[in-house]
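J.: I'd like to ask some things about the structure below.
The values are calculated or read from the model by the stated rules, or taken from the named source; none is laboratory data. A quick note: this is a predicted structure, and the numbers were derived from the prediction, not measured. Neighbour counts run over all protein chains shown; Cβ positions are idealised from the backbone, glycine included.
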Amino acid sequence: MKHTLLIALLITYNSFWFSNSIHAENDTRFTDDELIDTDGKPVNAHGAGVLYHKGVYYLFGEVKQGKTWLVPKQNWEDFRVPAGGVSCYSSTDLKHWKNRGVVLKPTTNNPDYDLDTSRVIERPKVIYNEHTKKFIMWMHIDKNDYSYSRGGVAISDKPFGPYKYLGSVKPNNQMLRDMTLFKDDDGKAYLIYSSENNNTMHICLLSSDYLTPTKAYTRILVNEGRESPAIFKNQGKYFLITSGCSGWSPNAASYAVADHVMGPWLERENPCKGVNAEVSFFSQGGFVLPVANKPGSFIFMGDRWNKTDLEKSTYLWLPVHIINDKIEIY
């Protein structure tokens, strides 16, 4: 399937409005277009995360470029392109994105190395450590058949890199696949990742320098088969949005709520509402962005995967509506 979308975000005092999209009372419609950078080129940052630092948003994502192929002898539609590394874009208004280049570069002809183009580099997320003054990137590192299942970590002195790769790890000797990174108000940081062959989600506390998983972790959504976690916090409540496991094809999202990041987590229904909510509006969520200086304002960020031509995949950004401890996306 081929979907393209441009959502130009305009922030008002109390609500989000997206140019070139129409929200009717009982329906949501999206226009088909592309997210373009300030050079007029399509933004190439998939499975993305956003860091806000000193008045600037930094968007990090997977570079999807080159011919898509189907990995043979898999029990799911395992489509791949050569691993392109991690790109970075910057913006002060969430509308105009400047391309800062590939800030974590892949290597070629080195198949035993984590960052080789023959490997998988997915879902990069970056946070800042105030004590070490370093920018820390975590990502999912894998082989094309997903047998490797590790978390990779890189470090930089600047938000826009370049990032130095430090290696990969299996937290507490457990699989790490789809993942996100979360920094709490107290400065502690956590890895949230799909583990145990995607059957169970793990939340693991990181060391004080954010470079190493600790032994403090919890298992949540046990035997639920969830992936693509996206976490955010509002008024003391933690919200975790996940997708089902259906390869590159869209499915219904669900979310969970907790009073503490390590749980317990109360599972809820699909937060997406309206037409095509059962397939998350043909997207897969991967990050929820808190809008700076707008308490209670969050953006659900998803990918619209074009599984047979991954380079043509685009994006979906929508506001998250919060009512007490319930959320809706439309």
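J.: Check segment 78-86 and report whether any residue there is within 16 Å of PHE160 (Cα to Cα), at pLDDT 95 or above and touching a Leu at 6+ places or on another chain (Cβ under 9 Å).
T.: Yes: one or more hits.
J.: Right, here's the next one. What strands (runs of 3 or more DSSP E) completely inside segment 1-74 contain at least 2 residues that are modelled with pLDDT of 50 or more and within 30 Å of LYS143 (Cα to Cα)?
T.: Counting at least 2 such residues, we get 46-53, 56-64.
J.: Just name the residue that is surrounded by the most Cβ atoms within 10 Å (Cβ to Cβ) out of those in segment 228-252 that are under 27 Å from VAL126 (Cβ atoms) and of a type in the set (A, V, I, L, M, F, W, C).
T.: ILE241
J.: Restricting attention to segment 77-106, report how many residues are under 19 Å from TRP317 (Cβ atoms) and of a type in the set (Asp, Glu).
T.: Summing the residues that are under 19 Å from TRP317 (Cβ atoms) and of a type in the set (Asp, Glu) in segment 77-106 gives 1.
J.: Same structure again: Among the residues in segment 121-130, are any touching a Lys or Arg at 6+ places or on another chain (Cβ under 8 Å), at pLDDT 95 or above and farther than 16 Å from ALA48 by Cβ?
T.: Yes, segment 121-130 has at least one match.
J.: Go through segment 276-330 and count every residue that is β-branched (Val, Ile, Thr), out of contact with any Cys (no Cβ under 6 Å at 6 or more places or on another chain), assigned to a strand (DSSP E or B) and surrounded by 16 or more Cβ atoms within 10 Å (Cβ to Cβ).
T.: Residues flagged as β-branched (Val, Ile, Thr), out of contact with any Cys (no Cβ under 6 Å at 6 or more places or on another chain), assigned to a strand (DSSP E or B) and surrounded by 16 or more Cβ atoms within 10 Å (Cβ to Cβ) within segment 276-330 amount to 6.
J.: Also, quick follow-up: If you scan segment 253-275, which residues turn out to be surrounded by 15 or more Cβ atoms within 10 Å (Cβ to Cβ) and either under 19 Å from THR200 (Cβ atoms) or among the polar types (S, T, N, Q) (or both)?
T.: Selection gives ALA253, SER254, TYR255, ALA256, VAL257, ALA258, VAL261, MET262, GLY263, TRP265, ARG268, ASN270.
Conditions tested, residue by residue: (1) free of Cβ contacts under 8 Å to residues at least 12 places away in the same chain; (2) more than 14 Å from PHE232 (Cβ to Cβ); (3) charged (D, E, K, R).
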| site | (1), (2), (3) |
| --- | --- |
| ASN270 | no, yes, no |
| GLY274 | no, yes, no |
| VAL288 | no, no, no |
| LYS294 | no, no, yes |
| PHE300 | no, no, no |
| TYR315 | no, yes, no |
| PRO319 | no, no, no |
